[in-house]
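Below you'll find the structure, written out as structure tokens, and then a few comments.
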Amino acid sequence: MQDDPRIEPLLRVENLSKRYASPVLREINLEIMPGEVHALMGANGAGKSTLARILCGLTIPDGGRLFRSGKSFAPQNKRDAQTAGVIMVMQELNLLSTLSVAENIFLDRLPQRAGFICQQQLTRMAVEALQRVGLSDLLPSTIVGTLGMGVRQLLEIAAALARRCQVLILDEPTAALTQREVDLLFSNIRRLQADGVGILYISHRMDEIRSIASRVSVLRDGACVAQYPTGDVNPNQFIRDMSGGESTFVLPRVKKNKFRSTVLTVEKLCVGVRIREVSFSLRSGEILGLAGLVGSGRTLTLRALFGAVRATSGSVTVGEGASGLFTHPSQAVAAGMGMVPEDRRHDALLLSQSVRVNATLSTLPIHSKRGWLNVHSERHSTNRLCDRLKIACKTPEQTVDELSGGNQQKVSLGRWLERSCEVLLCDEPTRGVDAASKASIHNLLRNVAAEGTGVLVVSSELSELFSLCDRILVMSNGRMTGEFTADNWSEEVIHAAAFKGLSTAHRESVT
Amino acid sequence: MKILKDHGDTVGILAVWILLVLLFGVLSDHFLSANTLTTLAGRIPALTVIAAGMTLVLIVGGIDLSVGSVLGLSSAVLGLLMVDWKVPLVISAPIAIVVGMLAGTVNGLFTVGLRIPSFLVTLGMLEICRGAAYLVTRSQTKYIGASVEPLASMLPGTTFPISFFLSVGVVVGLQVLLEKTILGRHIVAIGTNEHAVRLAGIDPRPAKILVFLVCGTCAGVGSLFHCARLGSADPNAGSGMELAAIAAVVIGGTSLLGGRGSVIKTFIGVLIVATLEAGLAQIGASEPLKRVVTGAVIIAAVSVDVFRRRCIGENV
């Protein structure tokens, strides 16, 4: 059907490009035909979300053109895209949990008479919209906050369909759904297909893509590297395309450290159903990578073993200490752990405070005597830190809010350096950081490890893990699915492990 | 020059106070006199200590609406002890302070332990303490008389009462706590980003409870100054004082969002509020007009502060 030149595609993407600090989309070409489910795959940071955001008007591209049924289409905002019938159901849902189902579906066009909501008409419209996604049992007056994630996802789709929707973009729509809900979603998708709606289906789950999509495009590093009918390929093909033929530009670690004692042992760590029986150990001087797709549970694992999130069961042992679970980060820090969180502005830094206050936050006892602070000692230590990490700040009294992302990250990391931690947990340590800072953060982590700290690094950039780590663990869907060393790792095997937990068999065990 | 750079805010707000004094000096013949200063110094001690405690609470990101009522309850307890039970001041004064401390601790425990917004906990405490004050005194003012007045008598060799010096001592003490101790640093850090403090391995809960405890204690101390000035314990004492205290703290540039503030500047804020009060009275303004002008000054002071911070690119 898609080869028939007489049928105009619903949406055509031509040479679409976008760059932030570096290119995130390179000359993408894509077509969505009427009644087609077009799947989009790719590893973390391949550009899937950026592409979707451009299509629904949330991001403005730098180059290339879009055509909507043959007419030029350049949405400047979400409204433009909606008017043209292009609607996206976000991964993070946009429902207001205190409002009713009906109000959420029609929030921006509530039927009204003289400023009052016309309840009867609203209910009638909502019942219709809910029927369309097979939720006829749901009362339109139900408050959204009382509903499960799966129903909310369908609700979001109902809201999209209640508009004049021609192109529907679904971003990981099944991540929070049970199998029964997935089946319901798929039967809806098939009905939409029959009505001639085109669907862009973004997902990591290969079995789903094979059952619902007719074509798949694979993105890698912002470029569309392959496009084929889903019937023709096997899973290994996907993984190979996402990973590239061979791993390019991998710097091996120059010097192998001699690992000494074990500094961290994690046994059967569970957090509800989201983290299941994660076990591993970390040795002194080792840099251990934690790879996996976004949402696979890497950050949650880090937070759970640091005590920032309550683990359900399992045990964590730091150094010679007792085994158990930390219930507050202060216990983890007292036991010799440090953590550099992923979101530095929200989780790590006191933005309106000075570099000094931020850098010494975890080491105040060192800079004080019986509770009295010694500001000179703080300044001295902050100056030393700025020299060592090459933090570009005018004085230690400058507020961190004025620093660049890279320098902020160095402050967040530097906080732990004077404590000589036994274990340092780093969550995406170089996200949003310029190339020079990135290199110096890498060097710093290597030095920290050389001094005997065990370093655990979560990163979505495989090249970063390859150049930094001695060993890489892979998580998928809350489980450990692989362990690799420099001898046997490649993008391909790590991607294969990262997708391993996403098969239907595992989903059944969740529900 | 360096002083101006490091303490620009303080100098600015001090200038506002001096201008206000000069303004009333021009408007009224009798304002600029030693007498006025003595009157001022006699009036402000209770508000000063309460505003000092409130400053810490606002910096840590909370609010304490109960301070006025806690002052009332502490006064009532003091009156009961000294008048009905004839307990001497040296024993009843610490008990009155402990009453304030207990009320503050309860505020802290509920706010931190159950994670209820401090606005609600202290609103409840406001009612509880006021009611308890009426119960304790059977809604009657207790005339304590001379036995409580030594606190309000002049410090020998000066024209200022002892309570004034004690309240300034509290201000200085809390400012030192804020600037020079680990606890003070934790208070500021928690008010800036409690989440980050937790992830930096610091348990924010003890410091937060302690801040409410200190604030309650300040209200207890304030009750002594209040009773000493009037020579009596009134169960109505301190009603509305929480708002005057918050006004003084905010005029002093402390952020209601937490993370920024100074007890010294709060003291100047108290001076501004008290000077307005005294000056307006002296030029013959009526009580309603005084309130209108005071309200306008609060809004003006905060607007100028916010505007100035935006200009130098700070996040407000």
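A compact table of results
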item	result
Probe 1.4 Å - accessible area at A:Leu99, Å² to nearest ten	50 Å²
GNM top mover of B:Ala285, B:Ala237, B:Ala245 - chain B, alpha-carbon springs below 10 Å	B:Ala285
Euclidean distance between Cα centres, segment A:1-79 to segment B:61-76, Å	62 Å
Residue list for segment B:227-249, given a label point 7 angstrom along the Cα-to-Cβ vector of B:Thr39 and an amide N cut-off under 19 Å	B:229-231
Drop in accessible area of at least 50 Å² in the complex versus isolated chain, residues of segment A:356-389, 1.4 Å probe	A:Leu361, A:Leu364, A:Trp372, A:Leu373
Dipole of the protein assembly as shown, positive direction: furthest Cα of A:Ala194, B:Leu123, A:Pro75, with charges on the beta-carbon	B:Leu123
Other protein chain Cβ atoms within 10 Å, averaged over every residue that makes up A:339-348	3
Helix-only mean residue ellipticity at 222 nm for the protein assembly as shown, each DSSP H run of n ≥ 4 adding -39500 (n - 2.57), per residue, nearest 500	-15000 deg cm²/dmol
Longest DSSP-loop-exposure-free segment, trypsin sites (Lys or Arg not before Pro), chain B, at most 12 other Cβ within 10 Å	B:139-316
Residues with amide H under 5 Å from that of A:Ala39, placed H, sequence gap 5 or more	A:Tyr201, A:Ser214, A:Arg215, A:Val216, A:Ser217
GNM flexibility winner over chain B from B:Ser153, B:Ser239, B:Ser303 (Cα, springs under 10 Å)	B:Ser303
Cα-centred dipole magnitude for segment B:33-311, charges only on beta-carbon of K, R (+1) and D, E (-1), debye, nearest 20	460 debye
For segment B:293-302, 3J(HN,Hα) per residue [Karplus equation, 6.51 cos²θ - 1.76 cosθ + 1.60, θ = phi - 60°, Hz, x = Gly/Pro]	5, 4, x, 4, 5, 4, 4, 4, 4, 5
Neighbour-limited loop hits for chymotrypsin sites (Phe, Trp or Tyr not before Pro), segment A:1-103 (at most 11 other Cβ within 10 Å; DSSP other than H, G, I, E, B)	A:Tyr20
Rounded accessible area of B:Leu14 (nearest 10 Å², 1.4 Å probe)	70 Å²
Interface size B-A, as summed buried accessible area [1.4 Å probe, Å², nearest 100]	2100 Å²
Zone residues, segment B:238-253, relative to B:Ala296, backbone N less than 20 Å from point 7 Å out along Cα-to-Cβ	B:244, B:247-248, B:251-252
Cleavage-rule hits (chymotrypsin sites (Phe, Trp or Tyr not before Pro)) in segment B:1-108: DSSP loop, at most 14 neighbouring Cβ within 10 angstrom	B:Trp85
Point-charge dipole on Cβ atoms (K/R +1, D/E -1) for the protein assembly as shown, about Cα centre, debye to 20	800 debye
Heavy-atom accessible surface of the protein assembly as shown: percent carbon and sulfur, 1.4 Å	57 percent
Within a Gaussian network of chain B (alpha carbon springs, distance under 10 Å), most fluctuating of B:Gly79, B:Gly295, B:Gly104	B:Gly295
Interchain or long-range residues, amide H under 5 Å from A:Gly292's placed H	A:Met475
Selection of GluC sites (Glu not before Pro), segment A:72-154, meeting DSSP coil and at most 11 other Cβ within 10 Å	A:Glu92
For B:Leu177, solvent-accessible area (1.4 Å; no DNA, RNA or ligand), Å²	40 Å²
For chain A, accessible area per residue (1.4 Å probe, heavy atoms of protein chains only), Å²	43 Å²
Net charge over other residues, Cβ less than 12 angstrom from the Cβ of A:Thr59 (K, R count +1; D, E count -1)	+3
Under-5 Å amide H pairs with A:Ala226, H placed in peptide plane, nonlocal only	A:Val218
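The values are calculated or read from the model by the stated rules, or taken from the named source; none is laboratory data. The structure displayed is predicted, hence computed values, not measured ones. Please note: Cβ atoms are built from the backbone with ideal geometry, for glycine as well, and neighbour counts cover all protein chains shown. The accessibility values were calculated without ligands, DNA or RNA, using every heavy atom of the protein model including side chains. Shrake-Rupley method; radii C 1.70, N 1.55, O 1.52, S 1.80 Å.
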